[in-house]
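S.K.: Please read through the structure below; I'll follow up with questions.
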Amino acid sequence: MNVVITGASRGIGYELLQRYLKKGYKVYAIARNVQNLKNIPNVEAISLDLADLDEVLRVSKYLSDKKIDVVICNAAISLPHSPSFTPFEDFKKTIDINFLSIHALLSEIVPNMKSGKIVLISSLASLVGAPTSMPYSASKRALNSYAESLRNLLAPNIKVINILPGFIKTDMTAKNDFYMPFLMDLKSGVDRIEYAIEKNKKEYAFPKRFYYFIKLFNLLPLSLKDKLLQKVAK
Ligand SMILES: NC(=O)c1ccc[n+]([C@@H]2O[C@H](COP(=O)([O-])OP(=O)(O)OC[C@H]3O[C@@H](n4cnc5c(N)ncnc54)[C@H](OP(=O)(O)O)[C@@H]3O)[C@@H](O)[C@H]2O)c1
């Protein structure tokens, strides 16, 4: 069995890589810095900057005849939270890496898949348009819409699994200087992700308490919701 994992060099992606190796998969592991992935048996390390969409298309073509069973689109960036209006280049980079590169990567792989799974790693941040992380929230919300379209386009043979994690301890959250509710350790976070993949969950958000809190927040009248969001931005 063959799996492609983006963002496999660190954090959630690296933990997933270890677990897929244990299951006996060959792993095509994508990241910019793949030094730590070279010389691992059953891992083919592919150095790729997902911001370079032409290169992503080239890698997609390379992977298209590799009989891929599972693609885990995990890599993403999150710029430091900022109350400033996001410069265009930062916004574009986030959308390119977190969203457009996913379709570029899948473009040549999916037409050659007869069955299998596409896993998208979204975020609970997709459910709220946080003013201090505009491009991240926007990229992940776009991903939710993409997941819904893709799931119904590829059903029933290819399962599309969209996962919305809350805060997990990785390099991505280490730079956050604000309180992160229900922060999870890496292993517990990846346990939930693995569960969602094994059970073919169409959409899986966790931790549940945080998810339901956000659902309730989204039921507030818009004027009250906006007042609270503006407080966060100050
Ligand atoms: N951690 C959380 O609390 C949390 C919560 C919700 C959702 N998520 C989502 O979970 C996924 C994994 O997050 P994480 O916390 O594991 O992040 P992380 O620790 O920052 O790791 C990010 C991974 O993506 C790769 N990457 C970053 N930019 C890249 C680029 N331009 N081209 C290719 N690879 C790139 C990195 O490798 P290189 O630097 O070597 O390229 C690294 O392997 C992301 O989609 C994130 O949005 C995370």
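The values are calculated or read from the model by the stated rules, or taken from the named source; none is laboratory data. Computed from a predicted structure; not experimentally measured. As a convention, Cβ positions derive from the backbone with ideal geometry for all residues, glycine included, and neighbour counts pool all protein chains shown. SASA here: full protein model, heavy atoms, side chains in, ligands and nucleic acids out. Shrake-Rupley method; radii C 1.70, N 1.55, O 1.52, S 1.80 Å.
S.K.: Looking at (1) open to solvent by less than 70 Å² (accessible area, probe 1.4 Å); (2) part of a helix (DSSP H, G or I), which is the only condition Val160 fails?
M.R.: The single condition Val160 does not satisfy is (2).
S.K.: Sticking with this one: Going through the range 1-14 one residue at a time, which ones are farther than 14 Å from Ile197 by Cα and near the ligand (Cβ under 8 Å from one of its atoms)?
M.R.: Listed by number, the residues that qualify are Thr6, Gly7, Ala8, Ser9, Arg10, Gly11, Tyr14.
S.K.: Okay, moving on. Do you know which residues across the range 180-221 are of a type in the set (A, V, I, L, M), open to solvent by less than 30 Å² (accessible area, probe 1.4 Å) and farther than 16 Å from Ala130 by Cα?
M.R.: Passing the criteria: Met184, Val190, Ile193, Ala196, Ile197, Ala205.
S.K.: Quick one: is Leu153 part of a helix (DSSP H, G or I) and either touching a Leu at 6+ places or on another chain (Cβ under 7 Å) or among the hydrophobic types (A, V, I, L, M, F, W, C) (or both)? Give the steps one after another, and end with the answer.
M.R.: On the way: part of a helix (DSSP H, G or I): yes; either touching a Leu at 6+ places or on another chain (Cβ under 7 Å) or among the hydrophobic types (A, V, I, L, M, F, W, C) (or both): yes.
Against the criterion (part of a helix (DSSP H, G or I) and either touching a Leu at 6+ places or on another chain (Cβ under 7 Å) or among the hydrophobic types (A, V, I, L, M, F, W, C) (or both)), Leu153 qualifies.
S.K.: Quickly run through the range 7-30 and pick out the residues that are over 15 Å from Tyr62 (Cα atoms) and within 15 Å of the chain's Cα centre (by Cα). Steps first, answer last, please.
M.R.: First, the residues of the range 7-30 that are over 15 Å from Tyr62 (Cα atoms): 7-26.
Answer for the range 7-30, where residues must be over 15 Å from Tyr62 (Cα atoms) and within 15 Å of the chain's Cα centre (by Cα): Gly7, Ala8, Ser9, Arg10, Gly11, Ile12, Gly13, Tyr14, Glu15, Leu16, Leu17.
S.K.: Looking at this structure, is Glu108 out of contact with any helix residue (DSSP H, G or I) (no Cβ under 8 Å at 6 or more places or on another chain), open to solvent by 30 Å² or more (accessible area, probe 1.4 Å) and in a helix (DSSP H, G or I)? Working first, answer last.
M.R.: Working: out of contact with any helix residue (DSSP H, G or I) (no Cβ under 8 Å at 6 or more places or on another chain): no; open to solvent by 30 Å² or more (accessible area, probe 1.4 Å): yes; in a helix (DSSP H, G or I): yes.
In short, no.
S.K.: Out of curiosity, is Phe167 open to solvent by less than 30 Å² (accessible area, probe 1.4 Å) and within 21 Å of Gly11 (Cβ to Cβ)?
M.R.: Values: open to solvent by less than 30 Å² (accessible area, probe 1.4 Å): no; within 21 Å of Gly11 (Cβ to Cβ): yes.
Here the answer is no, as Phe167 does not meet what is asked.
S.K.: So, of the residues in the range 32-58 that are more than 25 Å from Lys22 (Cα to Cα) and in contact with a Leu (Cβ under 7 Å, 6 or more places away or on another chain), which turns out to be most open to solvent (accessible area, probe 1.4 Å)?
M.R.: Selected residue: Glu55.
S.K.: Need pairs with beta-carbon distance below 6 Å; first residue closer than 17 Å to Ala76 by Cβ and within the range 173-188, second assigned to a loop (DSSP other than H, G, I, E, B); sequence gap 6+ or separate chains.
M.R.: Thr173/Phe167; Met180/Phe167; Leu186/Lys169
S.K.: Acidic (Asp, Glu), without any contact (Cβ under 8 Å) to a residue 40 or more places away in the chain and within 16 Å of the ligand (Cβ to nearest atom): which single residue out of Asp90, Asp52, Asp96 fits that description? Talk me through it step by step, then tell me what you get.
M.R.: On the way: Asp90 fails: without any contact (Cβ under 8 Å) to a residue 40 or more places away in the chain; Asp96 fails: without any contact (Cβ under 8 Å) to a residue 40 or more places away in the chain.
Unique residue meeting the criteria: Asp52.
S.K.: Mind counting the residues in the range 200-234 that are under 24 Å from Leu183 (Cα atoms) and either of a type in the set (A, V, I, L, M, F, W, C) or under 22 Å from the mean Cα position of the chain (by Cα) (or both)?
M.R.: Taking the range 200-234 first, the residues under 24 Å from Leu183 (Cα atoms) are 201-219, 225, 228-234.
The next check asks that each one be either of a type in the set (A, V, I, L, M, F, W, C) or under 22 Å from the mean Cα position of the chain (by Cα) (or both); those that pass are 201-217, 219, 228-229, 232-233.
Number of matching residues: 22.
S.K.: While we're on this one: How many of the residues making up the range 111-141 are in a helix (DSSP H, G or I) and within 13 Å of the ligand (Cβ to nearest atom)? Spell out the reasoning first.
M.R.: Initial filter on the range 111-141 (in a helix (DSSP H, G or I)): 111-112, 124-127, 131-141.
This time we only want the ones that are within 13 Å of the ligand (Cβ to nearest atom), so: 124-127, 133, 135-141.
Looking only at that region, the number is 12.
S.K.: Would you confirm whether any residue within the range 60-79 is touching a residue at least 24 places away in the same chain (Cβ under 8 Å), assigned to a helix (DSSP H, G or I) and either among the β-branched types (Val, Ile, Thr) or surrounded by 14 or more Cβ atoms within 10 Å (Cβ to Cβ) (or both)?
M.R.: yes
S.K.: A further question follows. Which residue is nearest to the chain's Cα centre (by Cα), if the candidates are limited to the range 142-185 and must be within 16 Å of the ligand (Cβ to nearest atom) and acidic (Asp, Glu)?
M.R.: Top of the filtered list is Asp171.
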